[in-house]
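The block underneath contains the structure these notes are about, expressed in structure tokens.
Here, each number is a calculation from the coordinates, and none is a lab measurement. Only a predicted model underlies this, so the values are computations on that prediction, with no experimental measurement involved. Note that we place each Cβ from the backbone using ideal geometry, even for glycine, and neighbour counts take in every protein chain shown.
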Amino acid sequence: MKLVIWDLDETFWQGTLEEGGITAIPGNVSLVKELAGRGIVSSICSKNDHERSKAKLTELEIWDYFVFPAISFSPKGKTVKDIIETAALRPGNVLFIDDNNLNLEEVKFFNPGIMAAHPSDVLHLLSAHPNAAGNPDQELKRLQQYRLLQRKAEQRAASSLSNEEFLRASGIRISLDYDVEANFERVVELINRSNQLNYTKQRLETREQIEEFRHMLNGFGYHAGCVRAADNYGDYGLIGFYLLKRRARKSRLIHFVFSCRTMHMGIEQYVYEMLECPDLNIAQPVSYGLDTHSNIDWIALEGAAEGDSTGGQAEPRLLLLGGCDLLQLASYCSRNRIEFVNKAERKMMVRYDDPSFVLGDREAIRRCRAIRKIPCWTHEDAVQFDAALASSDVLLISLWPGMNGQYLQAADGVRVRVSNIAKDKIEKQRPDWFRRNFRVLEVSDEEKKDLIVQSLESISDRAPKKAKIFALSCCTLWVDEEIKL
């Protein structure tokens, strides 16, 4: 249970407000507060005068505990349906309490699956009922989140903007937090409680399942991230989680889940596309597909989330960026590290020793479809690198191979570096496609050197001030009085 919708007259209080005589029921006032402390919020659906009802509830010091109050003389079936939709919940997560049997039947008709009961049948049981156990929330964060949704809904109703125009005006921002361990309880709660935007529904209900989940988080080839969201109306906190199994041909999502609090914002589709649309076996039902919007241009991706650091750990956090020479060092390095090191894909090399990986515009990279079709680092790699760069203590950088290879420019301007072998192989396999989507740039040695210097300067500017940065150079030898790489 996530929401309780109360009638007022002869339900929340004794008597009828319109007839001038009502008596508060202290147990109901206490129950609303108690439920809020468990993360279960309350709303109102009452045929009454709004201002008089608000004044009385304010007098009882309980008005601020209600969200989406619908106090009017409208039919209750449709009104309750509107409350549930605004709260982005399912009827099965909602309890409606009313003393009028006709209202109960009407609400059940318009909201199949809703729990609906007479106050005399449910109020004395509600506090101890397993469905009302909730989760401890003494800071009333859940209530604050729903009040945020209420403010947003009120602004949306008063606006003449289309849905997408309103989303663009909302200033939606997301950030990725890779410190899953620090958010472990919230992640498990999200996986187990979310339904409408839980695309995998792989619950963690036993000790063995949780242990296996932890093993995957720390395992080779797995990548996990928490998604945080905010907009002009407030901070939604941690609202999403994904666990990705990297594979040679195409990665696969093991967990992909989002809170219903951010429903209708397009965040789940944005993140899915940011991850390069990995394989996903969707466990139906879900409220929204991942191809609902043709172009999501109203979400901004920010850098590392607060708390995405390794402060207090015994070992400094190490970041490795560059070519295959770093693979020889990796096994001697701290276990507390993150690697962006060249790897094989489709029998060709994905090169992280690429100045474009450091300098490229992240939004342009996200939009570029052509680079997804060749062995190349991804937008998600770049975002993860930005987050790791901002929180690492030691950086080991090897970009000197950028003096070699071919620089390609996609039709939309995004640049990448590939080896000569990779370029020739791609061009041979798909010549027409390659000519339509890429052109080979003529980049002088001096320009290549400048790109590497710019990359090192960018890394230095964005790394923590106390971070130690080691830039590896190449081995050189003299041949015919010239330095050769």
With no solvent term and unit scatterers on the alpha-carbon positions of segment 187-241, Debye gives log₁₀ I(q)/I(0) at q = 0.14 Å⁻¹ of -0.46
Project the alpha carbons of segment 130-247 onto their principal axes and report the range along each, largest first, in whole Å. 50, 40, 23
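In the chain, what percentage of the DSSP-assigned beta bridges are antiparallel, given to the nearest 5?
Values: 40 of 73 bridges.
Bridges in the chain are about 55 percent antiparallel.
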5 angstrom amide H check on residue 200, placed H, neighbours 5+ away: 256, 283
Kindly rank 13-20, 228-235 from highest to lowest mean number of other beta carbons found within 10 Å of each residue. 228-235, 13-20
Quick one: the Cα spread of segment 90-157 along its three principal axes, in angstroms, biggest first? 33, 32, 18
Loop-located GluC sites (Glu not before Pro) in segment 54-101 whose Cβ has at most 14 other Cβ within 10 Å (DSSP): 61
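So if we plug the beta-carbon distance of residue 59 and residue 14 into 1/(1 + (r/R0)^6) with R0 = 22 Å, what FRET efficiency do we get, rounded to 0.05?
Numbers: r = 15 Å, r/R0 = 0.69.
Given R0 = 22 Å and the Cβ-Cβ separation, E is 0.90.
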Using alpha carbon centers only, segment 212-286 is separated from segment 111-132 by a whole-angstrom value of 34
For segment 424-466, evaluate the Debye formula with one uniform point scatterer on each Cα (no solvent term) and list log10 I(q)/I(0) at q = 0.31 Å⁻¹, rounded to two decimals. -0.97
With no solvent term and unit scatterers on the alpha-carbon positions of the chain, Debye gives log₁₀ I(q)/I(0) at q = 0.10 Å⁻¹ of -0.84
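Rounded to the nearest 500 deg cm²/dmol, what is the calculated helix-only ellipticity per residue at 222 nm for the chain, with -39500 (n - 2.57) per DSSP H run of length n ≥ 4?
On the way: 17 runs with 165 residues, N = 485.
Here the helix-only value at 222 nm equals -10000 deg cm²/dmol.
Of the listed pairs 343/449; 81/245; 78/152; 54/152; 56/108; 201/465, which have alpha-carbon separations greater than 32 Å here? Don't jump to the answer; show the numbers that get you there.
Details: 343/449 23 Å; 81/245 39 Å; 78/152 21 Å; 54/152 20 Å; 56/108 28 Å; 201/465 42 Å.
The pairs that break the limit, which is 32 Å between Cα atoms, are 81/245; 201/465.
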Could you tell me the largest-minus-smallest coordinate of the C-alpha atoms of segment 171-301 on each of the three principal axes, in descending order and whole angstroms? 40, 33, 27
Once amide hydrogens are built 1.01 Å from N within the peptide plane, the residues lying 5 or more places from residue 10 or on another chain with amide H under 5 Å from its amide H are 15
How charged is the neighbourhood of residue 129? Take every other residue with its Cβ under 13 Å from the Cβ of residue 129, and add Lys/Arg as +1 and Asp/Glu as -1. -1
